[in-house]
């Protein structure tokens, strides 16, 4: 049995504006949202409690599906690095960026490069030929994706949907080149005995969110996965629980969205949660049996507690606690 923790949408950093010129772009609306709402909802105390709980549940690996920061101020990225180090070492934590981590264009040397040990592929892996990183001196950090990190029986395949977008737009895109690299990598991994865990920030299923928050090439990604398969896809972005399945090459693929890991919980259906996936090899028609345990924040005790279990590879109905409100498109 191998366990994988899944966190997302930490929004873990304070927004400190030292002069008005820092807000002369999309950041102004993000700063306003943070001042009026987000700083009262995404609390460091909840993240402290989550980190304490992770020390107890001790998953074998942790996957973070983006949105470490709020409005991509350069001051936020080193602060987010400090939270990552508290969650675990780069060997034990895998990260893909979210749309808030690309809120506006920021030089990679001042942003994602500070998290590089948590993002980049394993060195000297036997799949190096399929992980095409920053060829020809590319300065676009998205050219490093997909990433591949092999841990025990699993292959964590990270893809990047995070791009700078205009005001009121929170869409994501993979792009043709990244999808082509991803298809080759998943096909090659499908010939091994590894469990392919795909991590992405944006949801990929139909009607998972409204258009201005969607993955623009989600249909192409679903077609790709139908051709080459994967064992599970993990995402965040919606701040809601979402458990669905899409067609795969040999069997349906569970697609699981997790809530924000730091939401204090003024709205109970958005209160902070994280997931733990238990993965074991199967003698049945599925290559692996995967179940999910949910851990949720309890405001009374200030701790995370058990909040349900669900087997993903055999049942198609949502688990207890996943209501229509959890699954509907949101304006977050």
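With the simple spin-label model, which puts each label point 7 Å out from Cα in the Cβ direction, the residue 177 to residue 1 separation comes to 4.4 nm.
Here the residues 161, 94, 291, ranked from fewest to most Cβ neighbours within 10 Å of their Cβ, fall in the order 291, 94, 161.
Across the stretch 2-327, C-alpha contacts under 8 Å between residues 6 or more apart give a mean separation that, scaled by the residue count, equals a relative contact order of 18 percent.
Stretching residue 250 away from residue 39 to a fully extended chain increases their span by 71.5 nm, per 0.36 nm per residue minus the current alpha-carbon distance.
Given springs between every Cα pair under 10 Å in a Gaussian network model of the chain, which of 191, 223, 251 has the largest fluctuation? Of the options given, 191 has the highest mean-square fluctuation.
This ranking places 2, 304 by how few other beta-carbon atoms lie within 10 Å of each, fewest first, which gives 2, 304.
How high is the FRET efficiency from residue 282 to residue 226, r the C-beta distance, R0 25 Å, rounded to 0.05? After rounding to 0.05, the efficiency reads 0.75.
Between residue 306 and residue 28, the contour length at 0.36 nm per residue exceeds the alpha carbon distance by 96.3 nm. Rounded to 0.05, the FRET efficiency of the residue 216 and residue 74 pair, given R0 = 35 Å and the Cβ-Cβ distance, is 0.80.
Between residue 207 and residue 58, the FRET efficiency from the beta-carbon distance, with R0 = 45 Å, is close to 0.80.
Would you mind getting the Kirkwood hydrodynamic radius of the stretch 128-260 from its Cα pairs, rounded to one decimal in Å? When all Cα pairs of the stretch 128-260 are included, the Kirkwood radius is 15.1 Å. Considering only 69, 41, 17, give the residue with the highest GNM mean-square fluctuation for the chain, with springs between Cα atoms whenever their separation is below 10 Å. Comparing 69, 41, 17 in the GNM, the peak value goes to 17. Between residue 82 and residue 51, the simple label model (points 7 Å from Cα in the Cβ direction) yields a spacing of 0.9 nm.
Going from the fewest other Cβ atoms within 10 Å to the most, the residues 68, 22, 1 appear in the order 1, 22, 68.
Working from label points 7 Å from Cα in the Cα-to-Cβ sense, the residue 18 to residue 91 distance is 3.7 nm. Checking (1) 59, 53, 36; (2) 63, 41, 34; (3) 71, 66, 45 against the coordinates, the calculated Cα extents along the principal axes in Å falls under label (1). Centre-to-centre separation between the Cα atoms of the stretch 205-238 and those of the stretch 267-303: 20 Å.
No value in this document is a laboratory result; all are computed from the given coordinates. No experiment lies behind these values; they were computed from the predicted model shown. Cβ: placed from backbone, ideal geometry, glycine included. Neighbour counts: every protein chain shown.
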